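Novice: One structure coming up, written as structure tokens, with questions to follow.
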Amino acid sequence: MFLIALIVLLLVVPQILPRGQLFFWQRVLIFAVYAMSVALLVGFTGLISFGQAAYFGIGAYTIGLLLPLKLAAPITVVLAIIAGAVVALIVGAIILRASGLAFGMLTLAFGQALYQLTFVFKDITGGENGIPGILRGTVLGINLGNPVTYWYFGLFWLALGVGFLALVHASPFGHTLRVIRDDPKRAGFLGIPVFRYQLGSYVIAGAIGALAGALYALLAGIVTQDMLYWTLSGDPLIMSLIGGLRTFWGPAAGAVLFIWVQDQLARQTGAWILYQGLTFLVFVLFLPEGLASLPRRYQLWRARRQARAEAAPKRAPA
Amino acid sequence: MSLPLLRLAGISKRYPGVQALTDVSLDVPAGQLRAVIGPNGAGKSTLFGVISGEYPPEAGVVELDGKNITGWPPWKCVRLGMARAFQVAKVFPRMTVYDNVLAAVMARDGTSWQFWRLTSRVPGRKRVDGLLAETGLLSLAETPAAVLSQGDRKRLEIAIALALEPRLLLLDEPTAGMSPEETHATVELIRQLWRERGLTVMLTEHDMGVVFALAEEITVLHRGRILCTGSPEEIRGRQDVREVYLGDIEL
Ligand SMILES: Nc1ncnc2c1ncn2[C@@H]1O[C@H](COP(=O)(O)OP(=O)(O)OP(=O)(O)O)[C@@H](O)[C@H]1O
Ligand SMILES: [Mg+2]
């Protein structure tokens, strides 16, 4: 029910929203899926990565670097996904030898190293200027330069990404990831080669992170260093925490709230980072299981209220 | 005399500052129910850790069914036919009892890595209900493992171990933390499993009632060395065993 409503809503949004707002909401969608990919790693595999921006950036820079080849947009998106997956496979195979905080530090180091590379190879990455002038071109006679058609183009890819994540979650592989999250050492005593599963999860998260980055570069029309910066690794973690780290849809809900609040605050005050931090603090303190726990909390509250009403002495009807 | 299923030769294992095992050699014939006893800190859990791949020994050889498995990681030992229940039960706390056992069943069936099918349609689910029934956990199937009592957690560990369909089952103090009724039920369960499935079982226990009710042969460990191995009658009669361990325990 929820899913059908969501799909219908996403399909009609371009017809009801003014074009000026499409950009904003498409950004929200892309980050929602990015946050879900990070939550697969952090919330469902127990691998705390502080460097997923690396994959978002790999996706974005793949689009930028392929620009001179004038390939069709779907091809560049597929290549970006492959780039994310291949790099994750190689890097993961090395850094997953470490665990816990050491692993987290290595993800951060890798992300920052990649960020520095954009300065080193200024000639092709454009350094601080980035790679401007990204064109979306036409596919099968459809002009993707139009925000409405690009909305549907993005929606198609994001739906593929979310569908794949949903399948992973509902599959034996996802079940096994949750077992590993709960106790990786103990999982080994079930005959599970933990390292391979963690690597698999890392590759999936990397591929979908790159997908998000590629779609974002095409949306923004420019690739910039921000898309590799460490704050972009932290944001999806905060989104996931706000929404519910160990739930499927929670991180997406967190992304919506996070970006909306950020946008509203940035309009009103220069100190928006401060208020964003405070919002985050409120969530951690008062809603530790995130937005996704709201329906259950509401049910509990109603059940309790009902119980209290029944326990109260009955009054005569007025 | 058939080939031993498990063979340890000259095993030594030290932790920083503690020599936990010294030159331990023992054979466990296939199908035997063997108890390992000894005072606290004797090295029983460490021995299980060495057998199951948790701790690689500094010296010595571990063989399972004639195969040298020294230094293998736990997951490989499990795939060769070993399963272990821990002294302090270790289960997957955020998952339900059912999902704990299902994870083990899928690992055993080799379906764990499949990401293209739904867990709800995995053929192994039928076996999970059977295992929960056998271990008396059916009514707790949907309970998160984190809130189980110590006794139920121990039983869940046995269910997980059985799901792996091992040839060698290692039980580290299977009745620790159980009430007398639970202990009795667990002893019967172990006996029944051992008989019906032709398992080789190795267990440690401080409850001598359990040990003498179940064991065919007993190995006594003292300060990381094997003091002796023998039938329950022999062990009961030995003066040195009384001195190091059984001294103040009613037999
Ligand atoms: N992980 C560890 N690191 C360091 N020392 C350890 C570790 N585990 C056990 N030891 C030490 O090694 C020795 C053997 O411990 P072990 O747990 O194997 O004994 P045990 O026979 O199982 O005792 P218990 O009956 O109390 O369970 C003890 O001195 C213990 O303190
Ligand atoms: Mg012990």
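Laboratory data are not the source of any read-out in this text; all were calculated from the coordinates shown. What you see is a predicted model, and the numbers here were worked out from it, not measured in a lab. Glycine also receives a Cβ, built like all others from the backbone with ideal geometry; neighbour counts cover every protein chain displayed.
Novice: Using alpha-carbon pairs under 8 Å, 6+ residues apart, how would you state the relative contact order of region A:1-154 in percent? Walk me through the numbers on the way to the answer.
Specialist: Numbers: 112 pairs, mean separation 43.3, N = 154.
In percent, rounded to a whole number, it is 28.
Novice: Of the cross-linked pairs B:LYS13/B:LYS90; A:LYS185/B:LYS154; B:LYS44/B:LYS154; B:LYS44/B:LYS90, which ones have a Cα-Cα span greater than 20 Å in the structure shown? Walk me through the numbers before you get to the answer.
Specialist: Details: B:LYS13/B:LYS90 23 Å; A:LYS185/B:LYS154 18 Å; B:LYS44/B:LYS154 18 Å; B:LYS44/B:LYS90 17 Å.
Pairs exceeding the cut-off: B:LYS13/B:LYS90.
Novice: Compute, for region A:1-137, the length of the dipole vector about the Cα centre, with Cβ point charges of +1 (Lys, Arg) and -1 (Asp, Glu) only. Units Debye, rounded to 20.
Specialist: Numbers: 6 positive and 2 negative charges, 38 e Å.
Taking the Cα centre of region A:1-137 as origin, the dipole is about 180 debye.
Novice: Measure nothing fancy, just the Cα-based angle from helix B:125-134's long axis to the longest principal axis of chain B, in degrees from 0 to 90, nearest 10.
Specialist: 50 degrees
Novice: Let me ask something else. Which of the listed residues, B:VAL105, B:SER52, B:ALA20, is farthest toward the dipole's positive end in region B:6-246, when Lys, Arg count +1 and Asp, Glu count -1 at the beta-carbon?
Specialist: Projecting each Cα onto the dipole axis, the largest value belongs to B:VAL105.
Novice: Quick one: net charge around A:PHE44, please, counting Lys, Arg +1 and Asp, Glu -1 for every other residue with C-beta under 12 Å from its C-beta. Provide the component values of the computation, followed by the final result.
Specialist: Values: positive: A:ARG178, A:ARG181, A:ARG246, B:ARG94; negative: A:ASP182.
Summing Lys/Arg as +1 and Asp/Glu as -1 gives +3.
Novice: Grab every C-alpha pair in chain A, bin the distances at 10 angstrom width from 0 up to the longest one, and report whole percents.
Specialist: Calculated over all Cα pairs of chain A, the distribution is 6, 25, 32, 23, 9, 3, 2, 1, 0 percent.
Novice: Just add up the charged neighbours of A:ILE180: K/R +1, D/E -1, any other residue whose Cβ is under 12 Å from the Cβ of A:ILE180. Walk me through the numbers before you get to the answer.
Specialist: On the way: positive: A:ARG178, A:ARG181, A:LYS185, A:ARG186, A:ARG196, B:ARG94; negative: A:ASP182, A:ASP183.
Residues close to A:ILE180 contribute a combined charge of +4.
Novice: Then there is this: Assuming a viscosity of 0.692 mPa s and a temperature of 37 °C, what translational diffusion coefficient in µm² per second does Stokes-Einstein assign to region A:1-147, Rh being the Kirkwood radius over Cα pairs? Mind showing how you got there, number by number?
Specialist: Working: Rh = 17.7 Å.
Answer from the Stokes-Einstein relation: 186 µm²/s.
Novice: As a footprinting exposure proxy, order B:LEU162, A:LEU3, A:LEU140 by other Cβ within 10 Å, with the fewest listed first. Don't jump to the answer; show the numbers that get you there.
Specialist: Values: B:LEU162 25, A:LEU3 9, A:LEU140 6.
Least to most surrounded, the residues fall as A:LEU140, A:LEU3, B:LEU162.
Novice: Which one, B:GLN32, B:ALA42, B:ILE158, projects farthest toward the positive side of the charge dipole computed for region B:6-246 from Cβ point charges (K/R +1, D/E -1)?
Specialist: The one lying farthest along the dipole's positive direction is B:ILE158.
Novice: Report the per residue volume, in Å³, of the convex hull enclosing the C-alpha atoms of region B:79-203. Write down the numbers at each step before the final one.
Specialist: Numbers: hull volume 12.4 nm³, N = 125.
Hull volume normalised by residue count: 100 Å³.
Novice: Nearest 0.05, what FRET efficiency do B:VAL61 and B:ARG225 give at R0 = 25 Å with Cβ-Cβ as r? All intermediate terms of the calculation are to be shown ahead of the outcome.
Specialist: Numbers: r = 17 Å, r/R0 = 0.69.
Plugging the Cβ-Cβ distance into 1/(1 + (r/R0)^6) gives 0.90.
Novice: With charges set only on the Cβ (+1 for Lys and Arg, -1 for Asp and Glu), what does the dipole of chain B come to about its Cα centre, in debye to the nearest 20?
Specialist: Details: 29 positive and 30 negative charges, 208 e Å.
Dipole about the Cα centre, nearest 20: 1000 debye.
Novice: Using the 10 angstrom Cβ neighbour count as an exposure proxy, how do B:VAL147, A:VAL284 rank, fewest first?
Specialist: Details: B:VAL147 10, A:VAL284 13.
Ascending number of Cβ neighbours within 10 Å: B:VAL147, A:VAL284.
Novice: Another question, then. With springs only between Cα atoms under 10 Å apart, run a GNM on chain A and tell me which of A:PHE173, A:PHE121, A:PHE24 wobbles the most.
Specialist: Looking only at A:PHE173, A:PHE121, A:PHE24, the biggest GNM fluctuation is shown by A:PHE121.
Novice: Let me ask something additional. Which of these, A:LEU40, A:LEU300, A:LEU29, has the largest mean-square fluctuation under a Gaussian network model of chain A (Cα springs below 10 Å)?
Specialist: Its mean-square fluctuation being the largest, the pick is A:LEU300.
Novice: Separate question: Taking the Cα atoms of chain B alone, what are Rg (to one decimal) and Dmax (as a whole number) in Å?
Specialist: Considering chain B through its Cα atoms, Rg and Dmax are 18.2, 62 Å.
Novice: Grab the beta carbon distance between A:ALA5 and A:ASP263, set R0 = 22 Å, and tell me the FRET efficiency rounded to 0.05. Let's see the in-between values first.
Specialist: Working: r = 24 Å, r/R0 = 1.08.
With R0 = 22 Å, the Cβ-Cβ based efficiency is 0.40.
Novice: State, to one decimal in nm, how far the label point of B:ASN68 lies from the label point of A:PHE286, with both points 7 Å from Cα in the Cβ direction.
Specialist: 6.6 nm
Novice: With the dipole of region A:17-310 worked out from charges on the C-beta (+1 for Lys and Arg, -1 for Asp and Glu) around the Cα centre, which of A:ALA83, A:PRO295, A:GLN116 lies farthest toward the positive end?
Specialist: Checked the options; the winner is A:PRO295.
Novice: Here is a follow-up. About its Cα centre, what dipole magnitude does region B:49-146 give when the only charges are +1 on Lys and Arg Cβ and -1 on Asp and Glu Cβ, stated in debye to the nearest 20? Don't skip to the end; give the middle numbers.
Specialist: Working: 12 positive and 9 negative charges, 77 e Å.
Roughly 360 debye, rounded to the nearest 20.
Novice: Another question, if that's okay. Taking other Cβ within 10 Å of each residue's Cβ, how do B:ASP172, B:ASP207, B:ASP240 sort, fewest first? Don't skip to the end; give the middle numbers.
Specialist: Working: B:ASP172 24, B:ASP207 18, B:ASP240 12.
So the residues, fewest neighbours to most, are B:ASP240, B:ASP207, B:ASP172.
Novice: Oh, and also: Tilt of helix A:294-311 relative to the longest C-alpha principal axis of chain A, in degrees (0 to 90, nearest 10)?
Specialist: Relative to chain A, helix A:294-311 is tipped by roughly 0 degrees.
Novice: Right, here's the next one. Among A:ILE75, A:ILE238, A:ILE58, which one shows the biggest mean-square fluctuation in a GNM of chain A, springs joining Cα atoms closer than 10 Å?
Specialist: Highest fluctuation of the listed residues: A:ILE75.
Novice: Please state, to two decimals, what the Cα-based radius of gyration of the protein assembly as shown comes to when divided by 2.2 N^0.38 Å (N = residues).
Specialist: Numbers: Rg = 29.1 Å, N = 569, 2.2 N^0.38 = 24.5 Å.
With N residues counted in the protein assembly as shown, Rg over 2.2 N^0.38 Å equals 1.19.
Novice: Something else: Find how much the distance from B:ARG197 to B:ARG238 grows on full extension, using 0.36 nm per residue of separation minus their present alpha carbon separation; answer in nm with one decimal. Display every interim value, and only then the final one.
Specialist: Values: separation 41, 0.36 × 41 = 14.76 nm, distance 3.25 nm.
That pair, B:ARG197 and B:ARG238, stretches by 11.5 nm at full extension.
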